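The values are calculated or read from the model by the stated rules, or taken from the named source; none is laboratory data. Fair warning: this is a prediction, and the values are worked out from it, not measured in the lab. Neighbour counts are summed over all protein chains in view; Cβ atoms, including those assigned to glycine, are modelled from backbone coordinates with ideal geometry. Note: accessible area is taken over every heavy atom of the protein model, side chains too, but ligands, DNA and RNA are not part of it. Shrake-Rupley method; radii C 1.70, N 1.55, O 1.52, S 1.80 Å.
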Amino acid sequence: MSTVDELTTEVLEGKHGPDPREIPATSVFWVHHGTRLAGGDTTYRNQYVLARIGTAFGACAFAEGDADPAVCANYSGAPVAELLTEAPAPVRVAALDAYLGSVRPHRTSDAERVVLPVGTPEERARARDAAVAGLLDVPVGAKVALIGVVNPLVAAIRDRGAECLPCDLSLRATQWGDPVTPDMRDVLGVADAVVATGMTIGNGTFDEILRTCRERDVPLVVYAQTASAVARHFLGQGVTAVSAEPFPFSQFSADETALYRYRVRT
């Protein structure tokens with residue numbers, strides 16, 4: 001298994017759990033929100049489609065126009081196999097994530113559970129992104145490609161003594177004025193390590209990132225609200241670590257919430 005499509009095919013063939021033709025996606029829903037952290041001038045505009053299967057929620061962030069609110073009515077209650085084969089791409093990813101999360105919940109896995117503290121959005125974002133950066137094992141001065149930019153994570157990478165190479169399809173500069181490239185190839189070819197958001201699974205760029213990191217033999221860390229259970233399946237196959245943050249995400253609560261850190265066992 002080397003691509004997300006191959007993983008989906010295996011799920012449809014029943015290789016990862018119960019027959020998805022027999023399992024309903026109880027709920028498909030939509031979240032659209034904006035966030036501007038104190039001290040910053042960037043407003044993050046995020047849209048997610050989410051699916052609930054059993055005890056798990058699956059999520060996929062997506063760009064404007066990639067899905068329609070009608071998916072909520074069209075696919076709520078439908079068999080998982082229908083979502084995986086007929087729904088728009090963001091719904092397929094959310095359904096795959098929820099299915100894999102229901103078969104093997106993060107909360108009962110062997111992952112390291114990291115509790116994010118009660119706090120303001122800024123405090124919780126810093127704690128979350130410090131936990132993500134803590135999965136990096138690179139020397140001082142290493143070049144770390146960041147594909148999917150959030151400013152607290154840029155800061156957390158720099159706090160570890162690394163040079164951050166930011167890449168994002170929407171942002172053009174970090175909070176500190178650093179240029180942000182829209183082309184991931186600009187950073188993938190020169191990075192000593194890569195940190196990528198789970199949204200790369202949703203927008204179809206993850207397979208190329210994974211392939212490049214394998215070919216160059218550089219570590220790949222995935223920080224995943226989108227497709228956290230999907231990213232976990234690629235541990236040891238090009239992904240070296242995952243910060244999995246299932247729904248409800250840290251930005252939707254001021255109370256303690258958990259993320260789960262996975263590392264390749266050596």
_Given a Förster distance of 22 Å, report the FRET efficiency between Arg21 and Ala70 from their Cβ-Cβ distance, rounded to the nearest 0.05._
0.45
*Can you pull the percent of the chain's accessible area that's carbon plus sulfur, 1.4 Å probe, other chains left in place?*
49
*Post the alpha-carbon centroid distance, the range 116-192 to the range 51-67, in whole angstrom.*
24
*What ranking of Ser170, Ser27, Ser228 comes out by heavy-atom accessible area, probe 1.4 Å, highest first?*
Ser170, Ser27, Ser228
*Where both partners of a DSSP beta bridge lie in the range 138-266, what percent of those bridges are antiparallel, to the nearest 5?*
20
*How much area per residue is accessible in the range 50-91 when the probe is 1.4 Å and only protein heavy atoms are counted (Å²)?*
41
*Using θ = phi - 60° and the Karplus form 6.51 cos²θ - 1.76 cosθ + 1.60, what ³J(HN,Hα) does each residue of the range 69-85 get, whole Hz, x for Gly and Pro?*
x, 4, 4, 4, 6, 5, 10, 5, x, 6, x, 4, 4, 5, 5, 6, 10
*Looking at the range 110-266, what % of the alpha carbon pairs are farther apart than 18 Å?*
55
*Cα-based helix-to-principal-axis angle, 206-216 vs the chain, degrees rounded to 10*: 50
_Qualifying chymotrypsin sites (Phe, Trp or Tyr not before Pro) for the range 181-266 [loop in DSSP, other Cβ within 10 Å: at most 15]_ = none
*Rank Ile209, Ile23 by accessible area, highest first, at a 1.4 Å probe radius?*
Ile23, Ile209
_Looking at the chain as a GNM with Cα springs under 10 Å, which of Pro105, Pro20, Pro139 has the largest mean-square fluctuation?_
Pro139
*Across the Cα atoms of the range 4-103, what radius of gyration and what greatest pairwise Cα-Cα distance (Dmax) are found, in Å?*
14.6, 49
*In terms of the Cα gyration tensor, with a ≥ b ≥ c the square roots of its eigenvalues, is the range 95-163 rounded because a/c is under 1.5, prolate because a/b exceeds b/c, or oblate?*
prolate
*Average accessible area per residue (Å²) across the range 109-263 - probe 1.4 Å, nucleic acids and ligands excluded*: 40
*Mind listing the phi-derived Karplus ³J(HN,Hα) values for the range 128-137, rounded to whole Hz, using 6.51, -1.76 and 1.60 with θ = phi - 60°, and x for any glycine or proline?*
4, 6, 5, 5, 5, 4, x, 7, 7, 10
*asked:* Residues of the range 36-57 with the amide nitrogen closer than 17 Å to a label point 7 Å from the Cα of Glu123, along Cα-to-Cβ, please.
replied: 37-39
*Point-charge dipole on Cβ atoms (K/R +1, D/E -1) for the chain, about Cα centre, debye to 20*: 520
*Relative contact order of the range 189-255: what whole-number percent is it, with Cα pairs under 8 angstrom and at least 6 residues apart?*
32
*asked:* Relative contact order for the chain: what percent, with Cα pairs under 8 Å and sequence separation of 6 or more?
replied: 18
*asked:* What are the ³J(HN,Hα) couplings of the range 236-251, residue after residue, when phi is run through the Karplus curve with 6.51, -1.76, 1.60 and θ = phi - 60°? Round to Hz, x for glycine and proline.
replied: x, 10, x, 8, 9, 7, 9, 9, 9, 10, x, 5, x, 6, 4, 6
